[in-house]
Protein chains: 2
Amino acid sequence: MRIAVDAMGGDRAPGEVVSGAVTACTQPGQQVVLVGQPDAIRECIGHRSYPREALEIVPAEETVGMGDPPASALRRPRTSLAVAVNLVREGDCQAVVSAGNSGAFMGLATVRLDRAPGVERPAIAIVVPTPAGPRVVLDVGANATCKPEHLVQFAHMGYVYARNALAIPRPRVGLLSIGEEASKGSELTKATHKLLSEIGAELNFVGNIEGDTAFEGRADVVVCDGFSGNVLLKAAEGMAGAIMAGLREALTRDWRTKLAAWMLRGALREFRSNFDYASYGGTLLLGVKGTCVVCHGRSGARAIASAIAVARRAVETRVIDQIADACAGTAKQEAAAVSQGGER
Amino acid sequence: MRIAVDAMGGDRAPGEVVSGAVTACTQPGQQVVLVGQPDAIRECIGHRSYPREALEIVPAEETVGMGDPPASALRRPRTSLAVAVNLVREGDCQAVVSAGNSGAFMGLATVRLDRAPGVERPAIAIVVPTPAGPRVVLDVGANATCKPEHLVQFAHMGYVYARNALAIPRPRVGLLSIGEEASKGSELTKATHKLLSEIGAELNFVGNIEGDTAFEGRADVVVCDGFSGNVLLKAAEGMAGAIMAGLREALTRDWRTKLAAWMLRGALREFRSNFDYASYGGTLLLGVKGTCVVCHGRSGARAIASAIAVARRAVETRVIDQIADACAGTAKQEAAAVSQGGER
C-alpha cells in the first residue's frame, strides 16, 4: 500500500504534514510518498526514526497557495499537489492525501483522474462518528454552488458509501435544510426535496434534516451543497473547540477543581475522545476514479496520520470503485443499481 | 411597556409559551398580552400567581401551523400571530414575540408593519454572547435565498444594531464564507465580498469569516444568507447540546464522579451559563417598522421569558427606529449616514 502525501499543502505544512506522514509509515505494510521540496521535507523529518523502506521523497519544486484559484493550479504540472495526484494517475500510488487548497485538489483530481461515469460534480464526504453511530455528510466544501441534480448525485454516492464502507445495510438519506417540512428551505433544497421524494424509496429518503439534529439519529447520510455543508461542519467544530477550552479553564481554576478533575480523569478522557475532531482528519472525495483524501487546512500531525489511515481503509474496501460502478450509466440506471444493491 | 405574545405559536405552545409569559409579567412595569384561545391559555396559567394587571388575554380563534406556507398565513386575519402583530400596528403594544412559523411571522410583519425605507428584505438577527463579547449574526432564517444587495443591507442593519444596541463603537463586519480568501465561497458570497469591499471603510468590513471562527474575535457582525445562518446557528446549538449531554453522563457515572462533580459545582455552573442557548431565546427582526422578536420553534418557558426581555430592551433602546433612520434613503445615503454615525 503506497500513499502519496502532498507535503507542502496546508496551513501547517510542511512541518505537521511530514510529522504525520512519518507516524503513519510506521504502520506495518504502509508506504508513504512525500511530495515536495526535498530539503524542506528532510529538515522536518530531522532525527525521527522510521522504517527506511516505508518513506520516500518525490521532488516537486512548486506549491499551490491556499488562495490560488483552482484554474491556475491546473496549469502548473510541477506543484507538489499536481505531482502527488499524478502518482495515482500513473498507478505508482493507490491514494493521495492533501491538506492544501481543496478547490485545486478537486480540480486536479477531476481532470487527471477523471470523474466516475454519470457524476457531474465530485463531492467531499466526511464521516462524523457520533454517539448514535457514524454519519456521512456531503458535500462539505467542494461545490459552493450546486444544482438540484448535483445534490441527487451526492445522495446516490453517500448511500453507496454508507452501505459499502460503513456497513449500514439500508442507509437513511436526509437533506440539510432549515425546517423539517418540505415547504421550508431555499429554492435549491425545495427542488431537491421534490427530486429525492420521487426516487425516495430507492434511496431511503427520510426528508429534511436541520443543523441541530444533523448528527443525531434520523439519517445516516446528510446531503447538502458544499457551502452549507462546510458551514455545518465548521460551526460544530468551532463550538466543540470553544466548549472544550471553557471546560479546561473551569477544571484548572484552583486546587479544588484540579483535584476534582484528577478524580474525573478516566471519565473525562472518554468524554473528550467522543468529541475529538482531530482523530478523524480526512474526508474522501467521491465521484472521481481514484482515492483522494482531503484534509482540513489547519490539520496537525495527528489529523494527517489519521487521514492516511482513512485513505488506506478506502483502498482496502474498494469503496471508490464501488461508487464508480454504482454511478455507471444515467441517473435512472444509477437509481436502479442502488436499489438492487439495497435489496441484496 | 406592553408586549404581545403569540400564545399558540411554537412546538411547545401554548404550555411553555404561557409559562414564560407569566414569568415575564412579574417584572416591574411589564405588561404581557397573550394572544390565542382563551380557554387553552387559562388552563395553561392554572394556579400560578402573578400581578393581575400585568397579564391580559386577547382572543384569536385560529392558529398558523409550523408548516403552513407564509402566503396562506397572510390571508387569515384571525390567527393568533396576525392578531398579535396587529396589536403593534395599532399602537396597543410596543412589541410582538412569537415562537411560531418564522416565515409567516416575517411575512405578516413586513406587510402589516411595513419595511424600513430602503430595505428590500427584513432579516432575523441573533446576538450570541461569546467569551470574546457579543456577536451579531444575520440573517439566521428569514431569507433562505438572497441576492448580494440583500446581504449588503444586512451588513448596514447589523452595523447599526451592534453600534446602538450593543454599544460597540465601531463594529467590525465579516461575511460568512468557506475560506478566508476573497476568491473562496459561493457566487453569492464572492459578489457580496466585492460590494462590501467597495464600501468597506464605512462599514469596517474585515472580509470573510468561516464557520469555526464566526463566534471568535475577528468580527462583531457576521453577515450571511438566511439558509447558511440558520445552519451555522443550529449546528453550534446542536453540538453544544450533544457535548453538554455527554458531560452530564460522564459526571454522573458513579459515586466518585458524582463527588467530583459536587466539588466542581460552582465552576461548572459558570461554565454552563457561558454556553447556555436557552438564556438568550429571542432574535430581532431588523428592517421592519416595529419591534418583532422571533423565537426558536422549540422554545421553552425560559427562552420565551428571555425573548420578552429582549423585546423590552429593544423598545427601551429604540434600536428599531434607529435602524429605520439609518436605512432611510438609498443605499448610498445609507452608507453616508452609517459612516457619519461611526465617526461621532
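The values are calculated or read from the model by the stated rules, or taken from the named source; none is laboratory data. Here the structure is a predicted model, which means the values were calculated and not measured. Using ideal geometry, Cβ is built from the backbone for each residue, glycine included, and neighbour counts are taken over all protein chains shown. Remember, those area values only see protein heavy atoms, side chains included, never the ligands or the DNA or RNA. Shrake-Rupley method; radii C 1.70, N 1.55, O 1.52, S 1.80 Å.
Straight-line cross-link partners of residue B:258 among the aspartates and glutamates, defined as a Cα under 17 Å from its Cα and at least 8 positions apart when in the same chain: A:270, B:249. Accessible surface ranking for B:294, A:315, 1.4 angstrom probe, highest first: A:315, B:294.
Each part reduced to its alpha carbon centroid, segment B:81-108 and segment B:130-145 end up 21 Å apart. Taking all protein chains together and a 1.4 Å probe, the residues B:234, A:258, B:184 rank A:258, B:184, B:234 from largest to smallest accessible area. Annotation: residue A:150 carries an accessible surface of approximately 10 Å², with a 1.4 Å probe and no ligand, DNA or RNA atoms counted.
In order along segment B:163-168, the phi-based Karplus estimate (6.51 cos²θ - 1.76 cosθ + 1.60, θ = phi - 60°) of 3J(HN,Hα) comes to 5, 8, 8, 9, 6, 8 Hz; Gly and Pro are listed as x.
Carbon and sulfur together cover what percent of the accessible area of the protein assembly as shown at a 1.4 Å probe radius?
51
Taking all Cα pairs closer than 8 Å and separated by 6 or more residues, the relative contact order of chain A comes to 22 percent.
Amide hydrogen proximity for residue A:135: with H placed 1.01 Å from N in the peptide plane, the residues at 5 or more positions away or on another chain lying under 5 Å are A:128, A:130.
What share of the DSSP beta bridges in chain A is antiparallel, in percent to the nearest 5? If you can, show how the numbers build up before the last one.
Details: 13 of 41 bridges.
Percent antiparallel among DSSP bridges in chain A is about 30.
Here the simple spin-label model places points 7 Å from the Cα toward Cβ, and for residue A:262 and residue A:191 these points are separated by 6.3 nm.
Residue ranking by accessible heavy-atom surface, 1.4 Å probe, largest first, among B:156, B:47 comes out as B:47, B:156. Put a dot 7 Å past the Cα of residue B:270, heading toward its Cβ, do the same for residue A:39, and the two dots end up 5.2 nm apart. Counting charges near residue B:210 (Lys, Arg +1; Asp, Glu -1) among other residues having Cβ under 13 Å from its Cβ returns a value of -2. Ascending distances from the residue A:130 label point to its copies in the other chains, with the point 7 Å along the Cα-to-beta-carbon line: 2.4 nm. Annotation for residue B:322 and residue B:72: the two label points, set 7 Å from Cα along the Cα-Cβ direction, are 4.1 nm apart. Dipole check for chain B: with +1 at the C-beta of Lys and Arg, -1 at the C-beta of Asp and Glu, and the Cα centre as origin, the magnitude is about 660 Debye. Simple point charges give the picture: +1 on the Cβ of Lys and Arg, -1 on the Cβ of Asp and Glu, and for segment A:198-327 a dipole about the Cα centre of about 960 debye. A straight line joining the Cα centroids of segment B:215-241 and segment A:192-253 runs 13 Å. Per-residue surface analysis assigns residue B:44 an accessible area of about 50 Å², computed on protein heavy atoms at 1.4 Å probe radius.
Buried accessible surface for the B/A chain pair comes to about 4600 Å², total over both chains, computed with a 1.4 Å probe.
Of B:263, B:282, B:217, which is farthest towards the positive pole of segment B:199-282's charge dipole, taken about the Cα centre with +1 and -1 on the beta-carbons of Lys, Arg and Asp, Glu respectively? Projecting each Cα onto the dipole axis, the largest value belongs to B:263. Amide H to amide H distances under 5 Å link residue A:288 with A:116, where only residues 5 or more positions off or on other chains count and H is placed in the peptide plane.
With label points set 7 Å from Cα along Cα→Cβ, the inter-copy distances at residue A:321 are 7.3 nm, sorted shortest first.
Taking the Cα centre of segment A:28-72 as origin, work out the dipole magnitude from +1 charges on Lys and Arg Cβ and -1 charges on Asp and Glu Cβ, in debye rounded to 20.
Using Cβ point charges on Lys, Arg, Asp and Glu, segment A:28-72 gives about 260 debye.
In this view, the solvent-accessible surface of residue B:227, computed with a 1.4 Å probe and all protein chains in place, comes to about 10 Å².
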